[in-house]
Every structure is written in structure tokens, then in C-alpha cells.
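Have a look at this one before I ask anything.
No value in this document is a laboratory result; all are computed from the given coordinates. None of the values given here were measured: they were computed from a predicted structure.
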Amino acid sequence: MAIAYQSPVKLNFTTSSSSPISNGFPNPIPNPPSLYPIKTRFSFGFNLSSVSCKTQTHVTVLEPEPVFASVTSFAPATIANLGPGFDFLGCAVDGLGDLITVRVDPGVKPGEVSISDISGAGRKLSRDPLWNSAGISAISVMKMLKIQSVGLSISLEKGLPLGSGLGSSAASAAAAAVAVNELFGRKLSVSDLVLAGLESETKVSGYHADNIAPSIMGAPTKKMRAALPPEVTMSHHIWNCSQAGALVAAILQGDSRGLGKALSSDKIVEPRRGPLIPGMEGVKKAALKAGAFGCTISGAGPTLVAVTDEEEIGREIGDRMVEAFMKEGNLKALAMVKKLDRVGARLVSSNPR
């Protein structure tokens, strides 16, 4: 898949199997262990002598202890919507993402989270855990695990630019959820972690999992959402639904051309958001002319993504997209050829207690 995105960043992807992360982060775990549900113990007491047969029940949920002093996790960038799949389709991108380190911190009040450091592209982000996607997600996981005896501190290294259309907030939330879960012995399932990340995404862009789910499992959003039509015609609704189905079918069949065709077919969102991205129409035309199977907006933009099945062609597509961004939109852009990330958020390192 060739993805290109405009200032502050622009991407270019090539569809194939996953590969080592290319921006300095460690390789993904070859066969990551499956996550499993939290284990609990229950103690029941019944008063059988009561004439009214009322039952007294006492339930005790054991709080898991930290198994590490600290852990570091990585979560990849994501491309949401994929054209006709607005708010319900997305994929993860290899080699780009955020790193989170979570530590057991005696200086933090038990049951609470503190953000101690933010570096990289996110230095302007709030360090208040209630207003930071990583903090919100970490707190949610702690609540699920009933953690009350220890406090945690978080260090965030942002590898993704803010407002780029690459799921920046979701990457932070996903990495934090996985890190806290790993710290306490990997008690929660993948579904639980997605729900924890959704609490964060709800505050950022709404209750939809098209970024957080692919970031865990293998933007100027408000302005872009305001551009969307409050109602759609039945014909456009039917068309987009059919193309979303065609897109999923193409993925299952390994049909890159079919994927690109469906990805380029959105009749509801792209026509409204495209004019808000300077030069978008010209960039899409340039990508298709250079050999892309399809091209559309990544998330809420301004990133554009184009699909191809060969790396060299992907580089050519990316170059033409960069030129078009400058020619048609007077914008500097960066193009990159990337594969899909098939692992999702994962543990990178850990330190024993």
C-alpha cells in the first residue's frame, strides 16, 4: 500500500507481510502470546436458616500484583476509514508509532496515574492524565484490574505527529493499555484493552474503534467532522455499504487492485473533506496516474494513502504525490513506503521487580 501524507507528514505504503520496524523501534514479537481474561476468586456465604430464604453473598476480587518494575510497549500508527468504511474500518502501519514506558512509582498515590515525561512530537500535549489519551487509557485498565495498592508513572515518546490522520491519539492509548496490562501479568483480553482505549478515543474524536482496534490488534478531527453531511441519500448509503463490503472481500482474497478500487470509491465523506485539504484532488489524480490501485484520505487527514503491491512503484507514486501537493496545494509533504503492521501494540521490554 502506498500512503502519502501532507504536512506535517506524508506517507506511502506497500502491501505485503509485516517487517521489522524501520524507525528505530524494536522488531515485533514473532509469535506474541494471546491475552486472556482476568482471573478472580469468589467467596460465597449462604444463610440457610433464614425463614425468608434470603441469600447473603460475599464476593472478593483479588487485585493482581505487579510482575515487573517497569515495562515499555509500542503501538503502531493506523489508517482509519479506508474510503467507504467511515468509522468502522482501519488498518495498522508498520514502522511508525508511539512508545510508552509505565513504572510502579512509590511517589504516585496508590490507584492513580502520573505522566512524568512526554518527548518527541507530543511535547505540547497535556501531562494531566485525565486530558491525555495515554493517561485515560491507563486509568481505564487500572479500574478493570481493580488496582488500588500501587501508583503508576508514564513516559510517552511520540513517534507520530499530532493531527496527521495517522491515529496519533489512538497509538498512545493503545500503547498505554498494553503496558499497564503487561505490568500486572497480562490479565485482560484484547477486547478489554480495546474497550479501555475507547474511553480515551471517546474524549478525543468519538466512540468508534477504527483507530484504536487496529492499533491494539494488528487530526483536526473536529473540523473534519463538522464538514460531514448530517444526512445522506439512500443511493449514497447503499453505494458506500456495497463498496465497504467489496473492500473487505478484496482483503480476504488478497486482491490489491480490488482493495484500491473500493478504497477510492467513497461518495459520502471524501467529497466533503477533500476540499479542506489543499491540493487533495490533484494529489489523488497524480497517485492514480503513477500506478496506484486507489487513493483516499487517511482518517480525518491531511494524510493521503495510496495502494500498490510493489515497493518501487510505491516510491514513484509517493514522489508524484509530493510534487502534486506542492503544485496543487502549495504544501510541502513527505512520502514513505510502508507495509501493514500485522502484530499491533506489543511489549518491547520489561524490568523485573
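Roughly how many Å is it from the Cα centre of segment 76-104 to that of segment 228-252, as a whole number?
22
Further, regarding this structure: What Rg and what Dmax come out for segment 158-314 when only alpha-carbon atoms are used, in angstroms?
Expressed in Å, the Cα Rg and Dmax of segment 158-314 come to 17.1, 51.
What is the diffusion coefficient of segment 260-314 in µm²/s, taking the Kirkwood radius over Cα pairs and the Stokes-Einstein relation at 10 °C with a viscosity of 1.306 mPa s? Can you show the working numbers first?
On the way: Rh = 11.3 Å.
The calculation lands on 140 µm²/s.
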